[in-house]
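Okay, so here's the structure we're looking at.
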Amino acid sequence: MRKFNIRKVLDGLTAGSSSASQQPQPQQHTPGSREPEVQETLQSEHFQLCKTVRHGFPYQPSALAFDPVQKILAVGTQTGALRLFGRPGVECYCQHDSGAAVIQLQFLINEGALVSALADDTLHLWNLRQKRPAILHSLKFCRERVTFCHLPFQSKWLYVGTERGNIHIVNVESFTLSGYVIMWNKAIELSSKSHPGPIVHISDNPMDEGKLLIGFESGTVVLWDLKSKKGDYRYTYDEAIHSVAWHHEGKQFICSHSDGTLTIWNVRSPTKPVQTITPHGKQLKDGKKPEPCKPILKVEFKTSRSGFSGTICCCCSSRKGFSTYRPCTKWEWPINGGNWGLGAQSYPEIIITGHADGSIKFWDASAITLQVLYKLKTAKVFEKSRNKDDKPSTDIVDEDPYAIQIISWCPESRMLCIAGVSAHVIIYRFSKQEVIIEVIPMLEVRLLYEINDVESPEGEQAPPLSTPVGAVSPQPIPPQSHPSTSSSSSDGLRDNVPCLKVKNSPLKQSPGYQAELVIQLVWVGGEPPQQITSLAVNSSYGLVVFGNCNGIAIVDYLQKAVLLNLGTIELYGSNDPYRREPRSPRKSRQPSGAGLCDINEGTVVPEDRCKSPTSGSSSPHNSDDEQKMNNFIEKVKTKSRKFSKMVASDIAKMSRKLSLPTDLKPDLDVKDNSFSRSRSSSVTSIDKESREAISALHFCETFTRKADSSPSPCLWVGTTLGTVLVIALNLPPGGEQRLLQPVIVSPSGTILRLKGGILRMAFLDTTGCLVPPAYESWREHNVSEEKDEKEKLKKKRPVSVSPSSSQEISENQYAVICSEKQAKVISLPTQNCAYKQNITETSFVLRGDIVSLSNSICLACFCANGHIMTFSLPSLRPLLDVYYLPLTNMRIARTFCFTNNGQALYLVSPTEIQRLTYSQETCENLQEMLGELFTPVETPEAPNRGFFKGLFGGGAQSLDREELFGESSSGKASRSLAQHIPGPGGIEGVKGAASGVVGELARARLALDERGQKLGDLEERTTAMLSSADSFSKHAHEMMLKYKDKKWYQF
């Protein structure tokens, strides 16, 4: 197996991206024209949608089979899925149309075929001799439920056990039933007075194919003689049977039972078991029976290479219930079958996944394979509670407080930034050197939601906001770097407390990604911090930005300072287009407006919008009314906190929810529906729909205002109400000045509006090429000062910025903005809408990405109604609209994303990633990229029995099953028992196969079938010729006898 190194893969990825960016660009238009017409090369014929491959371990597995010759593993699931695994790159996903659970799988060893038994009593025969397996035959049982199947080695007769306790026999070649049936009453005879239950096991004796071991659920086992059609021995035990396994010599077998016991039986001693074992139970003294344990679901009776003849491997129902008795030697990894080549289309691609335990995994996803590169544990920077009582700050979620919600990664600088479910952000740098940091740098951010300056009637002075709106000065990191984690307000509510506690001891960081800074949102007035809904990092500016339903925060991770900490409403200043008024007033005793006020449509004048609902009241309140109001508010807050904890726990389990639009749009016609409300990104208040969350963030160098003559660094912010705001960034010079002088950030006043929440933003130059964000190329930071000085002398610090800075001042740009309802292309700096496309009216867009395909770019969208659409840029001309997958769960909505080169993926289950392509070129080459499941291999011969075993009859005895089960001896089965259904992989499906690669395969299969028919005709002709030759020989012999004694003159 090929080993992967994340350093080499990252180097190759960066080199590939840099070479791609250096490709010759189309000829630029003269700067004189306002909006030059861009030549668009993408057409509808460049797009086609199809699934490529599914990665990960099958979700809810229910059946398993292994071909020891082909070395292919098959796994069936409870949803009817079938996964096939071989060597890296050889994996296949199939789906049964019925969706019924797969209860058993049986390989036709080294035949390139597989039988699957489903919970709907259907058997399917799969053809694995093609890259995309297909069903050849199906058999539907009508009167009995299928419970167990067994296919002997190199046999075409499949034993099928049913719920009634009967065994039917199926011819695998024709998928028809034999007339030979083993009835349950004849099998048990008088050994039991009641029905023995369903069949749970069928297997033939390893040394005698004519002896069949039948296990019934009630605990009865029967050794059946196939030739004499009667039971030789019957074995009875008190506990129900789950699994049975033969010893390789065929003289003993072992049973696993529902009480956690294992019983070993001698074939010729049916009265009682030779040995009874309780692997997971305490062995009591005085010969008493151990206490019952969980059932052992599977048992195997193996022979080890070290000479032990009775190695027992068992698996019980608990997660840690796998036991092995007597040592087994280590085996090589057995699943390495099939063949796979990279194919024509091979380019570096990385998938980054965030997990519930706080780990980050990097995967090499080049071509269609998936190999793990690197694993990062983000929970290492936090203190772990040693007991249940020591959990004062992680109770925002009951489980998985380190779960990853958002990942932002810059491949050029290798900067990694993650946001977790406990409202924490961690920034990582990539380094090849091992370092030990004494104290982990940390910042605590008090992100508030307020629409007024609270003046407390109780005399408490509200602390001002951290910074004014205009020019923002940075907040330096505290000297201790770890503030107190046990702070509370005067009324006993938790306040200024983060959800997690950062380690205060030295931390050893291995080569790879190393923590640079930890940022945590803190509790405010007894309310937990809200989930982070958007995150972005920029290596060239040294900034990270994140937001939630309360507001936005910008952090300088180089100077370890908070640059901006504002509520979403405060970003508007006096240009707020929405009219908001408080819906349910609260006590103003919480500092700095920590009470979560509500907003709604109304007619409040702008100057009243920033006033407290209780300040400046014209009519004084009655003391009783005020007391009732306070009591009511306290009850609401208590229920709100409980509801917050419950919902946050659910969010931790299912990762982050989407930021969605609300109905607070006075000028926009947005239909209110329950599903939109259910998709709120944070639910800690009873008025959750009134929040305007930050849904999109994008660093860029562009025109911030209409009057700008040249692009400058800025941050574009999108909200769930469809507003785009621009924040200007004033960066100091590079080098040492960057670490000494503050970064000035200020809202520019530019406001753009769309229908629906903002999802994605990007920028194009005058030629229609994508303008990437500025970035700093990666360099090793953990080097000595002397080496660093030498490097500076040899080579200046490589900093790459977007192409806009090198363009002429008079050239404009295009801003591409995609929301949940529409897309707009806005010309900059004029801010005129150049193109507009209403993507959907009745549904909403879940994901929108600006991606590159065929040396051009387009906008790709996935809607909640299941449609995948692409639009050209900048004209937003529709190119593709295909119904693919309806929104069945939030997991798909959270994880669906489009990537370059026509690729897309999403988390189809908690353990599986589904990849698909919308590129016509990839669809055409997909057949070459897939691996071969079947490779021609000779079947190993059976081991030599030895002279004496063969002489005295001690070896394996064969059985002519054709003579027993054939129609001539056993007759025909009842037609009403089962129905034969031809599969799409048969001749009927071949005739209707599509053109292209599938058609070629169909024609090849048809040619093989015709060849088989011709071979059959040839065999018939050969038989006729043999018959004719035999007749001729007979007549010749008779003539020879007739003229034998005659002389020549007697003729």
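The values are calculated or read from the model by the stated rules, or taken from the named source; none is laboratory data. All of these numbers come straight from a predicted model, not from anything done at the bench. Note: ideal-geometry Cβ built from the backbone for every residue, glycine included; neighbour counts use all protein chains shown. Side chains included, ligands, DNA and RNA excluded: accessible areas come from the protein's heavy atoms. Shrake-Rupley method; radii C 1.70, N 1.55, O 1.52, S 1.80 Å.
Just a few scattered comments:
- Any hit, the stretch 158-172, residues being open to solvent by less than 40 Å² (accessible area, probe 1.4 Å), outside any strand (DSSP E or B) and of a type outside the set (Gly, Ala, Ser): yes
- Neighbours by Cβ (under 9 Å, 6+ apart or cross-chain): first from the stretch 75-98, open to solvent by 60 Å² or more (accessible area, probe 1.4 Å); second among the aliphatic types (A, V, I, L, M) and part of a strand (DSSP E or B): Gln78/Val102; Thr79/Val102; Gln95/Ala81; Gln95/Leu82; Asp97/Ile135; Ser98/Leu118
- Figure legend. Inter-residue proximity from the stretch 511-532: first residues among the charged types (D, E, K, R), second residues open to solvent by 10 Å² or more (accessible area, probe 1.4 Å) and part of a strand (DSSP E or B), beta-carbon distance below 9 Å, spacing 6+ or different chains. Indicated pairs: Glu516/Arg429; Glu527/Arg494.
- Extreme residue, most open to solvent (accessible area, probe 1.4 Å), among residues of the stretch 710-744 that are under 27 Å from Pro577 (Cα atoms) and small (Gly, Ala, Ser): Ser712
Yes or no, residue by residue, for (1) assigned to a strand (DSSP E or B); (2) out of contact with any helix residue (DSSP H, G or I) (no Cβ under 7 Å at 6 or more places or on another chain); (3) not charged (D, E, K, R):
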residue: Lys51; (1), (2), (3): yes, yes, no
residue: Leu64; (1), (2), (3): yes, yes, yes
residue: Leu82; (1), (2), (3): yes, yes, yes
residue: Arg87; (1), (2), (3): no, yes, no
residue: Cys94; (1), (2), (3): yes, yes, yes
residue: Asp97; (1), (2), (3): no, yes, no
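- The residues of the stretch 251-264 include none that are closer than 20 Å to Cys149 by Cα and either in contact with a helix residue (DSSP H, G or I) (Cβ under 7 Å, 6 or more places away or on another chain) or open to solvent by 10 Å² or more (accessible area, probe 1.4 Å) (or both).
- Residue match in the stretch 564-575 (condition: of a type in the set (A, V, I, L, M) and in a strand (DSSP E or B)): yes
- Residue pairs whose Cβ atoms lie under 6 Å apart, separated by 6 or more positions or on different chains, with the first residue in the stretch 721-737 and at positive phi and the second part of a helix (DSSP H, G or I) and surrounded by fewer than 18 Cβ atoms within 10 Å (Cβ to Cβ), do not occur.
- Residue within the stretch 657-674 that is of a type in the set (A, V, I, L, M, F, W, C), closer than 20 Å to Ile407 by Cβ and either surrounded by 23 or more Cβ atoms within 10 Å (Cβ to Cβ) or at pLDDT below 90 (or both) present: yes
- Residue in the stretch 698-707 that is farthest from Ala762 (Cα to Cα), counting only those that are touching a Pro at 6+ places or on another chain (Cβ under 7 Å) and open to solvent by less than 40 Å² (accessible area, probe 1.4 Å): Phe703
- Taking the criterion of being within 15 Å of Ser138 (Cα to Cα), within 27 Å of the chain's Cα centre (by Cα) and small (Gly, Ala, Ser), the residues of the stretch 89-120 that qualify are Ser98, Gly99, Ala100, Ser116, Ala117, Ala119.
- Residue check, Glu820 crowded, with 23+ Cβ neighbours inside 10 Å and among the acidic types (Asp, Glu): yes
- Of all residues in the stretch 526-542 being part of a strand (DSSP E or B) and surrounded by fewer than 24 Cβ atoms within 10 Å (Cβ to Cβ), the one that is modelled with the lowest pLDDT: Glu527
- Within the stretch 745-761, being in a loop (DSSP other than H, G, I, E, B) and open to solvent by less than 30 Å² (accessible area, probe 1.4 Å) holds for Leu754, Gly756, Gly757.
Okay, residues lined up against (1) buried (at least 24 other Cβ atoms within 10 Å of the Cβ); (2) of a type outside the set (Val, Ile, Thr):
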site: Gly512; (1), (2): no, yes
site: Val524; (1), (2): yes, no
site: Gly547; (1), (2): yes, yes
site: Asn575; (1), (2): no, yes
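- Residue match in the stretch 386-403 (condition: surrounded by 13 or more Cβ atoms within 10 Å (Cβ to Cβ), part of a strand (DSSP E or B) and modelled with pLDDT of 90 or more): no
- Answer from Val497, Val537, Val522, Val502 - the residue that is over 30 Å from Thr719 (Cβ atoms) and aliphatic (A, V, I, L, M): Val502
- Ser194 surrounded by fewer than 22 Cβ atoms within 10 Å (Cβ to Cβ) and more than 24 Å from Ser218 (Cβ to Cβ): no
- Residues being open to solvent by 40 Å² or more (accessible area, probe 1.4 Å) and in a loop (DSSP other than H, G, I, E, B) - total across the stretch 197-236: 7
- Sub-8 Å Cβ pairs linking a first residue in the stretch 335-358 that is at positive phi to a second residue that is at pLDDT 90 or above and among the small types (Gly, Ala, Ser), at least 6 apart or interchain, are Gly338/Gly86; Gly358/Ala379; Gly358/Ala403; Gly358/Gly420, ordered by first then second residue.
- Residue check, Arg132 surrounded by fewer than 19 Cβ atoms within 10 Å (Cβ to Cβ) and either of a type in the set (A, V, I, L, M) or in a loop (DSSP other than H, G, I, E, B) (or both): yes
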